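Let me begin by presenting the structure, written as structure tokens, before commenting on it.
The values are calculated or read from the model by the stated rules, or taken from the named source; none is laboratory data. Model, not experiment: these values are computed from the prediction. Every residue, glycine as well, gets a Cβ built from its backbone with ideal geometry; the counts of neighbours run over all protein chains shown.
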Amino acid sequence: MAQDPRGKTAIVTGAGSGINLEFARLLLQNGANVLFADIALRPEAQQLIDEYQSTPKAVFQKTDVTSWSDLEDTFKAAEKHFGSIDIVCPGAGVFEPNWSNFWHPPGSAESRDDRLGGRYAALDINLTHPIRVTQLAISHFLSASPPASPSNPKSIVHIASIAGQTASLPFPIYHAAKHGVQALVRSLASLEQTHGIRVTGVEPGVVKTPLFTEHPEKLKALDEVKDTWVTPERVAEVMLACVKDQSISTYPQTDGGESGEAITIKGGTCLEILTRRVRDVPMFNNVGPYADGEPGAGASNAHVLIGEVEDLIRPGWGQ
């Protein structure tokens, strides 16, 4: 039930930068219209929108993904501009920033989360927003004319992380959210067979995006010699495959190299993406991303961040 992007319409949240920008770029290059839903656009995103002002077309819709009314407005805007919606990516995310962070709890100087507000912004962005966008997408797909069906397929592509398979002391909220995104994808697996709605997820390793490169407090966990980035372009290629392909190679062909074994893509598929390899992550008996030392999975200096957290854990923390 793969979907040809040509002539289709996509909503991509967080398309103003990083992985989501590269996914939006590939969708446009493959003939899909794209609505960029983000709080703001980086210059490279604005340039891409300026390049696509005919067919296919790109438009920007200012969107705060923590606002459910803003999320509803993205679907209304896509219908207004393009008439239909076929591909949805709730991709916007944050990497446990200081302003919504387990180790800087509500009420602390760094946190913007209200001590009496009853919510964490990091969870609103990384977990609640993908859940709500998925609900809105399914509702739209089922109400469209004609509605989604195996003969009229639609796609929802989520961005989880290898953090959805693992855990770490410095980033508890981020790990919890990405475990949740992975569970959401798997829970909706059967929708492809019953209603033609393919829900998939990608789980990249350490990706070279502004979430890392513009945050020196996180960059210090990486060793520039030992550690290897996963590129946002590579993640976007796998995301596009989740929409348009029936399978993908474990070792994609690059520089004349050999391709690996084929992975079948279907509803509920979660694809781990490291520097050189794509892996179909099983629900049970998962060996995890670190099993064979594949580059792109880890940060060699993570102990530095662990040490900083351990320095915080003493009487008086959290009060």
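Let's see how each residue does on (1) within 19 Å of Asn20 (Cβ to Cβ); (2) at pLDDT below 95; (3) not charged (D, E, K, R):
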residue	(1), (2), (3)
Leu142	no, no, yes
Ile156	yes, no, yes
Ala176	no, no, yes
Ser190	no, no, yes
Leu211	yes, yes, yes
Leu222	no, yes, yes
Test Arg132 against the stated conditions and say whether it is of a type in the set (D, E, K, R) and in contact with a helix residue (DSSP H, G or I) (Cβ under 9 Å, 6 or more places away or on another chain).
-> yes
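Results for (1) in contact with a His (Cβ under 9 Å, 6 or more places away or on another chain); (2) closer than 20 Å to Leu222 by Cα; (3) part of a strand (DSSP E or B), shown as yes or no for each residue.
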{"residue": "Val235", "(1), (2), (3)": "no, yes, no"}
{"residue": "Leu240", "(1), (2), (3)": "no, no, no"}
{"residue": "Ile248", "(1), (2), (3)": "no, no, yes"}
{"residue": "Tyr251", "(1), (2), (3)": "no, no, no"}
{"residue": "Gly260", "(1), (2), (3)": "no, no, no"}
{"residue": "Leu271", "(1), (2), (3)": "no, no, yes"}
{"residue": "Asn285", "(1), (2), (3)": "no, no, no"}
{"residue": "Pro295", "(1), (2), (3)": "no, yes, no"}
{"residue": "Ser300", "(1), (2), (3)": "no, yes, no"}
Here the qualifying pairs (Cβ atoms under 9 Å; residues six or more apart or on different chains; first in the range 123-145 and acidic (Asp, Glu); second at pLDDT 95 or above and crowded, with 22+ Cβ neighbours inside 10 Å) come out as Asp124/Val65; Asp124/Ser100
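Run down Val34, Val88 and say which single residue is within 30 Å of Lys218 (Cα to Cα) and either in contact with a strand residue (DSSP E or B) (Cβ under 7 Å, 6 or more places away or on another chain) or buried (at least 20 other Cβ atoms within 10 Å of the Cβ) (or both).
Details: Val34 fails: within 30 Å of Lys218 (Cα to Cα).
Of the residues listed, the single one that is within 30 Å of Lys218 (Cα to Cα) and either in contact with a strand residue (DSSP E or B) (Cβ under 7 Å, 6 or more places away or on another chain) or buried (at least 20 other Cβ atoms within 10 Å of the Cβ) (or both) is Val88.
Does the range 20-34 contain any residue that is touching a Phe, Trp or Tyr at 6+ places or on another chain (Cβ under 7 Å) and within 20 Å of Ile131 (Cα to Cα)? Walk me through it before giving the result.
Just the residues of the range 20-34 that are touching a Phe, Trp or Tyr at 6+ places or on another chain (Cβ under 7 Å), to begin with: 24, 28, 33.
Subset that is within 20 Å of Ile131 (Cα to Cα): none.
Among the residues of the range 20-34, not one is touching a Phe, Trp or Tyr at 6+ places or on another chain (Cβ under 7 Å) and within 20 Å of Ile131 (Cα to Cα), which makes the answer no.
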Is it true that some residue in the range 194-205 is over 17 Å from Asp4 (Cα atoms) and among the β-branched types (Val, Ile, Thr)?
-> yes
Ile173: passes all of (1) touching a Gly at 6+ places or on another chain (Cβ under 6 Å); (2) assigned to a helix (DSSP H, G or I); (3) of a type outside the set (Ser, Thr, Tyr) but (1)
Is one or more of the residues making up the range 246-264 farther than 26 Å from Leu191 by Cα, modelled with pLDDT of 85 or more and among the β-branched types (Val, Ile, Thr)?
-> no
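Select from the range 37-46 the residues that are crowded, with 16+ Cβ neighbours inside 10 Å and among the charged types (D, E, K, R) and list them in ascending order. Can you show your working first?
We begin by selecting, within the range 37-46, every residue crowded, with 16+ Cβ neighbours inside 10 Å; these are 37-38, 41, 45.
Of everything in the range 37-46, just one residue is crowded, with 16+ Cβ neighbours inside 10 Å and among the charged types (D, E, K, R), namely Asp38.
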